[in-house]
1. What is the mean number of Cβ atoms from other protein chains located within 10 Å of the Cβ atom of each residue in peptide B:392-405, rounded to a whole number?
2. Normalised by the empirical 2.2 N^0.38 Å for globular proteins, what value does the Cα Rg of chain B take?
3. Cross-link candidates for B:Lys481: which aspartates and glutamates have Cα within less than 15 Å, leaving aside residues fewer than 8 places away along the same chain?
4. Which ³J(HN,Hα) values, rounded to whole Hz and listed in residue order, are derived for segment B:291-300 from phi using the Karplus coefficients 6.51, -1.76 and 1.60 in 6.51 cos²θ - 1.76 cosθ + 1.60 with θ = phi - 60°, glycine and proline given as x?
5. Other chains near B:476-484: what is the mean number of their Cβ atoms within 10 Å of each residue's Cβ?
6. For the pairs A:Lys124/B:Lys395; A:Lys9/A:Lys124; B:Lys255/B:Lys438; B:Lys82/B:Lys352; A:Lys99/B:Lys395, note any where the Cα-Cα span goes beyond 21 Å.
7. Put +1 on the Cβ of every Lys and Arg and -1 on every Asp and Glu Cβ in chain B; which of B:Leu303, B:Cys184, B:Pro416 then has its Cα farthest towards the positive end of the dipole?
8. Give the range of the longest stretch in chain B that excludes all trypsin sites (Lys or Arg not before Pro) found in loop regions by DSSP and having at most 11 other beta-carbon atoms within 10 Å.
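Where a number appears in this text, it was derived from the coordinates with a stated rule and is not lab data. What you are looking at is a predicted structure, and each value in this text was computed from that prediction instead of being measured. Heads up, the Cβs are rebuilt from the backbone with ideal geometry, glycines too, and the neighbour counts pull from every protein chain shown.
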Amino acid sequence: MSNVPSDLKYTKTHEWLRTLPDGTVEVGITDHAQHALGDLVFVEVPETGRKLAAGEPFAVVESVKAASDVYSPIAGEVTAGNPGLASQPEAINSDAYGKGWLMRLRPGAGGAGGEFLTAAQYEKLIAEEGG
Amino acid sequence: MSTRLEKPIFEYSVPGRGAEDQWPRDPGPAASDDLPAASRRSGRPLLPEVSELETVRHFTRLSQLNFSIDTHFYPLGSCTMKYNPKACNSLAMLPEFLARHPLAPESSGQGFLACMYELQEMLKAVTGMQAVALSPMAGAQGEFAGVAMIRAYHRARGDLERNEIIVPEAAHGTNPATATMCGCVVREVPVNAAGDVDLEALKAAVGPKTAGIMLTNPSTLGVFERRIEAVARTVHEAGGLLYYDGANLNAILGKVRPGDMGFDVIHVNLHKTFSTPHGGGGPGAGPVGVSARLAPFLPVPLLARRGERYGWLTERDLPQSIGRLSGFMGNAGVLLRAYVYMRMLGREGMAKVSEYATLNANYLLAQLKRAGFDAAYPDRRASHELIVTLKRQAKELGVTAMDFAKRLLDHGMHAPTTYFPLLVPECLLIEPTETESKAALDAFVAAMAEILAEAAKEPERVTSAPHTMPVRRLDDVRAAKQLDLTWKPPAAHAIPTTS
């Protein structure tokens, strides 16, 4: 059964969002997503300062099965890409919501709002997908 | 097939051993004499020192480790691993072909040029395109040529804004890579639950920035895109062009033509459909065919017939050409194999290829369903390939698609494609091809059924497979992260120097 922490927001494309105390938003892929991908062997994170539109691919996660884009849930400017993932992509497998974060960004004019899923809604989504 | 691993040839090496009777009698002046001192190596290269017989045995044993279409059932979906008749190879190896110099004048190679011209014409006929160029050296280069022509077409009309290539999410992974390589931006459109392109999403995605769409039909989901005419109309009305990835041509050969479906450009993977070498990295060939509006942009050289003579068309004849993709005219030897294959099949044979390929796939699909497997698209007829999903087995038995694939090796069968297309969880993409007998298909179904029964009774036997191969379950993650393909001499081994 996938781990879905109740204090995070989720997207239909299996990203999670966490608003940090300084107002920036941390983004990663969910435990369900890492499980579906399998063991990760390569992760590309965005450079600091990159401006992203909502829905724009910002990272690539590559496992032994497949390479996939990860989409930015909101518009904003990247304040950090996770530097640890270059040497330890497996952090996403072992700790998707902690050490496996992909990027932090400062929300643009649209703010950190949007149509996100609650933990309960996301759990329902992955149950429907047969997860 | 041998099950014993063969050690590297370096480990047979004994200093001073060799096969002197294989050496050139008079090596002549050393080629390095002309090189400046700084460019010459100071030490001798570390080469294995082995006898002729040791060398023969080493490479023969290595070849016995091969899992190949000549030895095993090889149902690798999306990749059409069909049997290449040996006649294609032997006729292409005729000394008159092999000895022909690419710079020989047209007048002395009319026979060879006639073969190439006829190949161009046959590819035109079978794809329904208006013109064909043979020169791209591989499928990837064919794709590159195709998208480069789409870009050149828009530029020639002064329409500089069109840089978006639409790719359905079921597309081949090479398609977005090609579009990016050609400087385009990729826009993905979803497919619906029945496996067809989502037309509403496509309509929303096209516009004044659309350069074109890349797709293959039947799609990578193993089903025929039923609304292809509506897809073509939508893209054309928006001012974009249609690109056909020839990967799945085997399913429609002699039946439906991409040109008739409205496509503007196609690349043909000769190695998938027309009996040229497959795997091992080439040599390859990926001819491109185009509709009339793209014909001025074809890569050169092309072959032309003037009366009874054959000759080349170059940049002078096609000033808008995207240029040359290879030295001379592409991989002549590979193109000759395809030519022989097509001549052997003839028009009737072409249609039989796709009839048997789709019959075999649908027979497998029906039998696998009866054996308890789930089709990914249960309501659709398969094309030349089919997808089963092991989602249920993975959940109920803890045995995944990868475990089934590995266990099939113990049954003497190459695994189907696993985990592709990405849309279908725990999937096997199975393509039997037209050249397999009913007995071979039945044996595959029996093996799958046996593994399924084993997965219920003794799952660890499946999850730890293979058990009879020279290597067992490999560490994919470590292989991807710490790839090490270079033999290194033991520390004690001194490298001899010449100085």
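1. Mean shielding by partner chains, rounded to a whole number: 1.
2. Computed over Cα atoms of chain B, the ratio equals 1.10.
3. By straight Cα distance, B:Lys481 reaches A:Asp39, A:Glu44, A:Glu62, A:Glu90.
4. 7, 4, 6, 9, 4, x, 9, 3, x, 9
5. 4
6. With Cα atoms farther than 21 Å apart: B:Lys255/B:Lys438; A:Lys99/B:Lys395.
7. About the Cα centre, the residue reaching furthest to the positive side is B:Leu303.
8. Between exposed loop sites, the widest span is B:158-315.
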